[in-house]
Structure formats: structure tokens, C-alpha cells
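Report on the structure given below.
The values are calculated or read from the model by the stated rules, or taken from the named source; none is laboratory data. These numbers come from a predicted model, not from an experiment. We place every Cβ from the backbone using ideal geometry, glycine too, and count neighbours over all the protein chains shown. The protein model used for the area step is the full one, side chains on, heavy atoms only, and it has no ligands, DNA or RNA in it. Shrake-Rupley method; radii C 1.70, N 1.55, O 1.52, S 1.80 Å.
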Amino acid sequence: MNRKIKKIAFYFNSKNNKSMDIFVLIKDFLNKKYPSVILDDKNPDLVLVLGGDGSMIKAIKNFNYINTLFLGLNLGNVGFLTSIRDSKNFLEGIEKLLKGDYFISSRNLIKVEVLRNNKIIFKDDVLNEVTVQNLIGMVNIQVKINDFLFQNIYGTGILIATPTGSTAFNLSAHGPVVIPNIECFILTELMDHNIPTPSLIVSKNEKISIDIIDFRIKEIFQIERNKKNIYCNVVLVSDGINVFTLKKGDKILIKNNYKKVNLVEFEKDYFLSSLKSKFYRK
């Protein structure tokens, strides 16, 4: 039995006029028809996200997602993570949700850690993908699976995606699309100067490590870190949001994450339906 929603929070770009109009519409609807539902950002049962997939990822990182449901109302372009595509159906969908008429799609996360001199200096929980890439040149990296040296890459870098992230950067890099209920990682090289190799799908239980062997230092790009600008060449980017500068000798560890993100859906085969509408139009 689905849980009763007692407290709802909103996440959206307040500078976007369309998002603001939808927010006011939904807020008035809830206040009039469901006055017992509390609208509060603190420990909500549900987060209503107004936007696209990027807004969904930001919302998930912004809230304590372990005990929270997320419902995406699509105002963006892609919408694989958002569950209602047409704004005409927003209020109807919210009403179905409050009546308990919905499904929960649990999504796996990646746990990523960066080690420098055997100390963890960066970590993150990742829904879509982790990329390791040189911003303006080549990087030499070694990829190991359970300590087995699987691949040497001399190119732009590598991408490790979840099934949820398989339709994002991974797809643009010609990686495979994987249904979200398959628990795995997808390894896709980025512009390898060696003979191109296909993506590899591995079980979520495998431990992946990436060693930064070498790259040419070029003082061109800078990022702000602790209120200081520092030069960066090779970076780790998690979910397209968090950027961390890497050095030679750094090790990146990729593991399965015991945490999960729970997305609200109203169709049993919503992912397949989304996929069909994007790519298979017949």
C-alpha cells in the first residue's frame, strides 16, 4: 500500500515565469482541495519538481532523498525522469498521487570517491553518471574491475553511468540504453585515441577503479574552489553538477550505493513509453 502524502515541498527555478505560474496554480489547487496537506520544505513526504531532468537531479541532491518521493512535472525538453509530460495533466496527476494511485520506481545510485595519497578527498552520490575527462586535451587512465586491469584509455576520458543515466550523456557518447530496473554500471570511453571499444555493462556488485596516470598540464581553464580560482585540466564531474579537479596519481572508486531514489510514476511501463515517444515513433 502506498504511503499517505502529508507534507509536500516544491523545487523549481523561481526566475522562470512558466515554472512560477505552475507553482501558483498547484499551490492554490492544494490549498483549496487538500487543506490538510502541509506545504513545507523541511522533511517532506513528496517533492514536486517543476522542470526537466536537470531540475530533477538538482532537486534530488537538494533534499534528503532517502525517505522522500519525487514527482517530476515536465517543463523541460527531455523528461525521462519526469512522470507527467503535459501541463494539462498536472493537477489530475497530483490528485491521483494524493489518492494513492501511483507506482514507485526505485533507482540505483553510484557511490563515487576520489583518493589522493590514500585519503578520500571527494565523494558523492550520483544518479546519472560520473565522467572523468580532460577539458582540452588527452588523459591517460587505467580502468580496473575488481583489481583486474581491463582497459588503458588515452583520450578525452571515460563515463560511468547508471541505467537511469543511460539516456543522458551516455547516450550522446553512443553508449547503450538500459532499462532502469537492471542493476548495473555502464562504462563508456570518451574519444579514445586507441582502437574504439564498445561500452561494457557490468553488475552493480563489481568494484571499478580509475587511475589517473598522466596528462599534459595547460594553464587555461580555472574553477573556483574555497573562494580561490585554481587551474584545472582533468576533472571529475558527477551528474553534470559537481566538478572536482584531479591530479596525476589520483584514484577514483566507483561502487554500488545502498541508497536509492524513489520516483513517482503513473504508468507501469513509463520508461518504455518515454523511450518509444523519443525514438520509436511508429
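Here are some notes:
- Meets criteria (farther than 15 Å from Asn128 by Cα, touching a residue at least 24 places away in the same chain (Cβ under 8 Å), of a type in the set (S, T, N, Q) and open to solvent by 20 Å² or more (accessible area, probe 1.4 Å)) for Asn89: no
- Complete set of residues in region 189-209 that are closer than 23 Å to Arg116 by Cα and open to solvent by 40 Å² or more (accessible area, probe 1.4 Å): Glu206, Lys207
- Here the helices (runs of 4 or more DSSP H) wholly within region 1-102 that include at least 1 residues being closer than 24 Å to Thr167 by Cα and basic (Lys, Arg) are 53-62.
- Tally, over region 114-160, of residues that are touching a residue at least 40 places away in the same chain (Cβ under 8 Å), under 30 Å from Val264 (Cβ atoms) and part of a strand (DSSP E or B): 7
- Annotation note: of Tyr231, Tyr270, the sole residue that is surrounded by 12 or more Cβ atoms within 10 Å (Cβ to Cβ) and in contact (Cβ under 8 Å) with a residue 60 or more places away in the chain is Tyr270.
- Among the residues of region 6-54, those identified as of a type in the set (Ser, Thr, Tyr), in contact (Cβ under 8 Å) with a residue 40 or more places away in the chain and open to solvent by 30 Å² or more (accessible area, probe 1.4 Å) are Tyr11, Tyr34.
- Ile212 meets all of the listed conditions (1) open to solvent by 20 Å² or more (accessible area, probe 1.4 Å); (2) in contact with a strand residue (DSSP E or B) (Cβ under 8 Å, 6 or more places away or on another chain); (3) closer than 30 Å to Asn117 by Cβ; (4) modelled with pLDDT of 95 or more but one, namely (1).
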